[in-house]
Amino acid sequence: MLGHAMDFYIPEVPLEQIRFAGLRLQARWASGSTRHRGSPFVHLDTGSIRHWPRMNHDQLAKVFPDGRTVHVPSDGKPAEGL
């Protein structure tokens, strides 16, 4: 409503790849992905840094192999190097 968010997809690009690009922004962005009524999309907004669905340590390590991220794993316990 205020133009601070967008839901989108890019045909022929896997939803996971788009979501990971959003996660890597790490600067007051939210990144989520879902299928709503059969339509896959990624949601990006300018709220606080967050993501959904939640990701565990191994999933975040796939996105941030160097371990440098502000995202917190689903168990709520940031680990050294991730």
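Numbers below:
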item	result
Rounded to the nearest 10 Å², the accessible area of residue 77 at probe 1.4 Å	140 Å²
23, 2, ranked by accessible area, largest first (probe 1.4 Å)	2, 23
For residue 41, residues with placed amide H under 5 Å, excluding near neighbours	34, 36
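The values are calculated or read from the model by the stated rules, or taken from the named source; none is laboratory data. Remember, predicted model here, so these are calculated numbers, not experimental data. Only protein heavy atoms, including side chains, enter the accessible area calculation; ligands, DNA and RNA are left aside. Shrake-Rupley method; radii C 1.70, N 1.55, O 1.52, S 1.80 Å.
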